[in-house]
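Taken together, the values in this text are just the output of simple stated rules run on the coordinates, not laboratory data. Since this is a predicted model, take the numbers as computed values, not measurements. Note that each Cβ is placed from the backbone with ideal geometry, even for glycine, and that neighbours are counted across all protein chains shown.
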Amino acid sequence: MHEYSLAHALIEGITEHLHQHPVQGRVKAVHLRKGELLILSEEALREAWRILSEGTEVAGSDLRIENVPVKVKCPQCDYEGPVKYMSEEGWHFAVPVLACPRCGGRADVVEGRDLAIVGLAVGDASPDHERRKQGEDGDPQRRG
Ligand SMILES: [Zn+2]
């Protein structure tokens, strides 16, 4: 279950960040970028997040996960950009080919491997919009 250790590391990073840069209000959502090459279950990550965030500054927040495609840089021809994908009939996904699409050489992955926090959505500082009714003394229905 490496989703748990990922969620744990993310929460630690965010809470530390929030201690240094406090925000006004409650963190409603955390935006993540998930590299295409990082194999994880989003469902398990959300579940781990829900459990591990309890009692922290990000308790009750949503995870918004953006999938980041693989990007490579080729040391031979200096190509930098997306890769080609391989897909066979019957496959439910396309597999990125980690080679330079221009010269076919071995290319270095520069993006698509990590899980990174890209932003926080912060809500209203007031916990809710509860309206208090008070002093309804002028009730015409009431009789002494
Ligand atoms: Zn190349």
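Laid out as a table, the results:
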{"quantity": "Residue satisfying all of: in the range 44-57; in a loop (DSSP other than H, G, I, E, B) and either touching a residue at least 12 places away in the same chain (Cβ under 8 Å) or within 16 Å of the ligand (Cβ to nearest atom) (or both); farthest from residue 15 (Cα to Cα) among these", "calculated": "53"}
{"quantity": "Answer from 99, 94 - the residue that is within 15 Å of the ligand (Cβ to nearest atom) and more than 21 Å from residue 5 (Cβ to Cβ)", "calculated": "99"}
{"quantity": "Subset of the range 73-83 that is of a type outside the set (D, E, K, R) and on the phi < 0 side of the Ramachandran plot - its residue that is farthest from the ligand (Cβ to nearest atom)", "calculated": "82"}
{"quantity": "Those residues of the range 50-94 which are surrounded by 12 or more Cβ atoms within 10 Å (Cβ to Cβ) and of a type in the set (Val, Ile, Thr), in sequence order", "calculated": "56, 58, 65, 68, 70, 72, 83"}
{"quantity": "Check on residue 63, closer than 27 Å to residue 44 by Cβ, within 16 Å of the ligand (Cβ to nearest atom) and in contact (Cβ under 8 Å) with a residue 24 or more places away in the chain", "calculated": "no"}
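Okay, residues lined up against (1) small (Gly, Ala, Ser); (2) more than 16 Å from the ligand (Cβ to nearest atom); (3) within 21 Å of residue 3 (Cβ to Cβ); (4) under 19 Å from the mean Cα position of the chain (by Cα):
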residue: 20; (1), (2), (3), (4): no, yes, no, no
residue: 36; (1), (2), (3), (4): no, yes, yes, yes
residue: 42; (1), (2), (3), (4): no, yes, yes, yes
residue: 59; (1), (2), (3), (4): yes, yes, yes, yes
residue: 68; (1), (2), (3), (4): no, yes, yes, yes
residue: 71; (1), (2), (3), (4): no, no, no, no
